[in-house]
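Note sheet for the following structure.
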Amino acid sequence: MKKIIGNRIRKLRESKDYSQDNMGVELGITAGAYAKIERGESDPSATRLVRIAEILGVEVAVFFKDPPTQVNAEEDIKKYGIATKQDLASLQESIALLKAALDIVKTELQQLKDLKQPKAPKQRK
């Protein structure tokens with residue numbers, strides 16, 4: 001359970017663009033001591049968990065309960081963690097690349113259609 005809680009804390013911290021150093025300073029502990037919490041190597045006290053939740057702007061319960069899941073009729077229920085800003089940036093980059101590739105495919109399809117259309121014969125006068 002310590003590792004699960006630590007992982008959830010890490011994901012939330014990363015989503016807020018906070019460093020372990022920042023969190024350590026806010027908590028009055030070293031970055032190394034804070035890192036142990038995220039890795040699940042130490043048990044944070046209830047008071048410390050409340051303070052971490054305050055810093056991250058979430059309810060303490062977020063550390064203990066699974067995030068809501070989406071149900072897709074064609075898939076089993078899957079549980080997803082909290083996405084970081086880096087995860088979202090990577091996804092946005094992938095979407096931009098896919099849009100660019102789609103534009104290329106559309107252009108090539110149009111060129112193929114233009115090649116297949118017979119040209120009208122020139123009329124003589």
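The values are calculated or read from the model by the stated rules, or taken from the named source; none is laboratory data. Please read these numbers as outputs of a predicted model, since none were measured by experiment. No Cβ is skipped: glycine too gets one built from the backbone with ideal geometry, and neighbour counts run over all protein chains shown.
Structure notes:
- Scanning segment 82-90 finds no residues that are in a loop (DSSP other than H, G, I, E, B), among the β-branched types (Val, Ile, Thr) and at pLDDT 90 or above.
- Being surrounded by 10 or more Cβ atoms within 10 Å (Cβ to Cβ) and either modelled with pLDDT of 90 or more or out of contact with any Asp or Glu (no Cβ under 7 Å at 6 or more places or on another chain) (or both) is a property that does not hold for Gly57.
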